[in-house]
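The values are calculated or read from the model by the stated rules, or taken from the named source; none is laboratory data. Since we're looking at a predicted model, the values are computed, not measured. A quick note on method: Cβ atoms are made from the backbone with ideal geometry, for glycine too, and the neighbour counts reach across all protein chains shown. SASA here: full protein model, heavy atoms, side chains in, ligands and nucleic acids out. Shrake-Rupley method; radii C 1.70, N 1.55, O 1.52, S 1.80 Å.
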Amino acid sequence: MKQIILFYFLLLYCSVAWSQTTLDSIQKLDEVVLSDVKLKRYANGYKLTVLSDSILRKNNTSLTDVLRFNSNIYFRENGYGMVSSPSFRGTNASQTAVIWNGININSQLNGQVDFNTISSSNYDNIAIRSGGGSVQYGSGAIGGSIHLSNDFDFEKHFNHKLQFGFGSFNTKNANYNTSFGNGTWSGDFGVAYVDSDNDYRFLGTDRRNENGAFNNLDLNFNIGYVISVKDVLKIYHQNFRSDREFSSTLLAPSNSKYESEDYRSMIEWAHIENNYTSSLKAVHLLEQFKYFENKNLDNFSEGHANTWLIKHHYKRHFSKRLLLSVITDYSYITAEGNSFSDPKRNAFSATAILNHRPTKKVQYNLNVRKDVISGFESPLVFSGDISYQLFKPYTLKFNASKNFRVPTFNDLYWNPGGNLGLEPEESYQLDLGHELAFETINFKLNTFYIETSDLIQWRPSNSSGYWNPVNIANAKQYGVEAEFGMTKKIDKHTLFLSTSYSYTETEDVEKNQRLFYVPVHKANASLSYNYKSFTAFYQHLYNGEVAIIGNTLDGFDVGNLGVSYTINTKKKLNYIADFRINNLYNSYYENVALRPMPNRNLNIKLTLKF
């Protein structure tokens, strides 16, 4: 890792000797400022929700907090701050892809991303893309994908933001972000730290959340350099470190803890011509962990995985209305750990995307992808989507896709229990969407259907007594999603309302029963009011009951209330004071059986912008 960082800084040092060319003519292009061009260019027929800065500021501790109250995604959280797994449109955590600056970062070990190991404060925007995306984003993008992006601003600026917070359960957090631009260079740096005893009371008992303390540190560094009128160099780096105790349940105590580190580094060179662009990315991803059954002993199990990736994206404009993209990538993946020896994987993929706008009101994309993965016969996957603006406020959207997920290293090599005979999951999906967009009101309505075969599930083995993964289940998910947003301004008063609702039916075809931990009904609402420097907001979340093994878990309602006040000085320095009450009604609720979530708690923050 040290060699990689040294290489990056040497590369930066050498580039300073090149001519300092200001590129006013190209710095507005997507290839220059964006890290994930595909998300904007090739999602016309998909539902895409971009979370605003105000939403991210209200819930900026973890990605779980942000999405729980601002999306239709359900989270299984083993107690607050513990392992957090999403269910997107009724799919499981391994079928939800997390995309970091255009790169799929789902774990090579378990196929998932723990959403409590991602801080939302160090990203410029977070977007939710609903529906299958394996053609563009690879294995696991079945239910949908979450996109974390760092964008570059080459306009001249130099900004800072410093934030301190303190809350119940001895929770402390601190964030610092800075960004700059001078026409030729652009960069940003962010650090986010949170530490909590997390010893909240279990309502209705005399117990507390024992062994639940955690601390997280997130570092983020990105820099872009305009080499010439046609070339831009961009470097991204992110490091997340977490030290968490694993909290007890209502029935069983715990004395374990889990340490994890994630390193993500990428260098990108973009070359821009009048009728084509070329982007070359080199990526290194490292994930590693240590698990202590007894935190007081220096006895642990450990594992790590390295991913080396080269990706090339060639985009050709045949006309203003017709665009062809060809994407190729090669990755080499290695792992090592106590529960698996030293598995390796080579993977190559080729993708073609045709984007066509035959009229001003109609735009469609046709996509096809083929993967060649060592040890597997991967399916040919494809997708098509179309958007049609019937009249000015109303757009009809439709997409269909075939998606896949390859078995992870844990699925194949875990000892004991791995299964080398597993086949990749295959999934087919349909999605019909309606969007109404007025000046102050927007509405989205989507219906979807997903059918997955060869679903990988871990089940107890009658012969060995261990749990083993098997291709045994076929699953179906279908439902309806609705979103409504409204902004109303009267003089200096601003009122904003945002609501969403999802109805999701799931079926384990083999057992003729609902899938576990998928609520049939989920809804959330956010209401905020602003007058000059004063802002107040209320958030509400409703989760319907979910099926669990042999029973159901009750649904729940949770509300949050907050106020903030901004002090604008005559100079550049501004202060923002925030006060927040979480779980306003002191509701008892569980996201996972026997693991209660926090009772009513308070949080205060002070933010300085200069």
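In whole Hz and in residue order, list the ³J(HN,Hα) couplings for the stretch 343-348 that follow from phi through the Karplus curve 6.51 cos²θ - 1.76 cosθ + 1.60, θ = phi - 60°; x for Gly and Pro.
Computed from phi, the couplings for the stretch 343-348 are x, 9, 8, 10, 9, 10 Hz.
Counting only heavy atoms of protein chains, what accessible area per residue, in Å², does the chain have with a probe of 1.4 Å?
On a per-residue basis, 44 Å².
Suppose R0 equals 60 Å; then what is the FRET efficiency for Glu451 and Lys570 from their Cβ-Cβ distance, rounded to the nearest 0.05?
0.45
Any chance you could run the full-extension gain for Ala482 through Tyr193? It's 0.36 nm times the residue separation minus the Cα-Cα distance, nm to one decimal.
That works out to 100.5 nm of additional length.
Students often forget the sequence filter, so: which aspartates and glutamates lie under 13 Å Cα-Cα from Lys444 once same-chain residues fewer than 8 apart are removed?
Counting by Cα, and skipping residues close in sequence, Lys444 has these aspartates and glutamates nearby: Asp431, Glu435, Glu481, Glu483.
For Glu423 and Lys609, compute 0.36 nm times the residue count separating them, minus their Cα-Cα distance, and round to one decimal in nm.
61.7 nm
For Lys230, go through the lysines and keep the ones whose alpha-carbon is under 18 Å away, minus same-chain ones fewer than eight residues off.
Lys28, Lys281, Lys315
Can you put Glu293, Glu451, Glu245, Glu481 in order of accessible area, largest first, using a 1.4 Å probe?
Descending accessible area places them as Glu293, Glu451, Glu245, Glu481.
Hey, rough spin-label estimate for Ala252 and Tyr291, points 7 angstrom out along Cα→Cβ, what's it come to in nanometres?
1.2 nm
Do the alpha carbons of any pairs in Lys47/Lys360; Lys47/Lys161; Lys161/Lys522 sit beyond 27 Å of each other, and which pairs?
The pairs that break the limit, which is 27 Å between Cα atoms, are Lys47/Lys161; Lys161/Lys522.
If each residue of separation counts as 0.36 nm, what is the full-extension length gain between Tyr538 and Ala174 once their alpha-carbon separation is subtracted?
128.7 nm
All other residues with a Cβ under 14 Å from the Cβ of Leu390 taken together, and with Lys, Arg as +1 and Asp, Glu as -1, what is their net charge?
+3
Considering the values (i) 65, 62, 54; (ii) 149, 92, 47; (iii) 95, 65, 52, which represents Cα extents along the principal axes in Å as calculated for the structure under consideration?
Computed from the coordinates, Cα extents along the principal axes in Å corresponds to (i).
If you roll a 1.4 Å probe over the chain with all protein chains in place, what percent of the accessible area is carbon or sulfur?
Taking all protein chains in place, the chain shows 58 percent carbon and sulfur surface.
Report, in listed order, any pair from Lys532/Lys572; Lys58/Lys392; Lys311/Lys344; Lys344/Lys402 with a Cα-Cα distance greater than 25 Å.
Those over the limit are Lys58/Lys392; Lys344/Lys402.
For the stretch 240-269 and the stretch 31-74, what is the separation of their C-alpha centers, rounded to whole Å?
23 Å
Between Val372 and Lys492, what is the label-to-label distance in nm when each label sits 7 Å out along the Cα-to-Cβ direction?
Distance between the two pseudo-spin positions: 6.7 nm.
At Leu594 and Phe398, where each label point lies 7 Å from the Cα along Cα→Cβ, what is the point-to-point distance in nanometres?
In this crude label model, Leu594 to Phe398 measures out at 4.9 nm.
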